[in-house]
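Below is one structure; the comments refer to it alone.
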Amino acid sequence: MEKIYIIGDIHTVSAFKLSGVTGIVSSRQEASAKFEETVRQGDAGIVAITNELADELQERIKMINLNLPAPVVIAIPGIDDSQGFRRSVMSYISEALGISL
């Protein structure tokens, strides 16, 4: 069974864990290694990563989304992000998948 993962700061990860999402707390320095480890596990259907951590991984995220059947990787604002959650998480997933949920 494929899982949904969230990679981000402690506050964002904790919020997602409340809904059953597997969370990985990461700093900017660890983000690339933790992201690659999550993708390599092979059980990820969706990997959400906070904008702060995704900034330096844009090319890798693009390559995964264009060339691999799974996981779908989406960048979302973290809880502490100045933009905040302007939309629901489902709308970010819908946009990444290109479908209406």
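The values are calculated or read from the model by the stated rules, or taken from the named source; none is laboratory data. A quick note: this is a predicted structure, and the numbers were derived from the prediction, not measured. Every residue, glycine among them, receives a Cβ derived from its backbone with ideal geometry; neighbour counts consider all protein chains shown. All accessible areas refer to the heavy atoms of the entire protein, side chains included, with ligands and DNA or RNA removed. Shrake-Rupley method; radii C 1.70, N 1.55, O 1.52, S 1.80 Å.
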Practice prompt. Kindly check whether there is at least one residue in the stretch 71-84 that is out of contact with any helix residue (DSSP H, G or I) (no Cβ under 6 Å at 6 or more places or on another chain), modelled with pLDDT of 90 or more and open to solvent by less than 90 Å² (accessible area, probe 1.4 Å).
Written response: yes
Worksheet item: Of the residues that sit in the stretch 1-53 and are open to solvent by 60 Å² or more (accessible area, probe 1.4 Å), at pLDDT below 95 and small (Gly, Ala, Ser), which one is farthest from Pro77 (Cα to Cα)?
Response: Gly42
Worksheet entry | Test result for Gly78, out of contact with any Phe, Trp or Tyr (no Cβ under 8 Å at 6 or more places or on another chain) and at positive phi | no
Practice prompt. Please go through the stretch 54-70 and pick out each residue that is open to solvent by 40 Å² or more (accessible area, probe 1.4 Å), closer than 22 Å to Val13 by Cα and among the hydrophobic types (A, V, I, L, M, F, W, C).
Written response: none
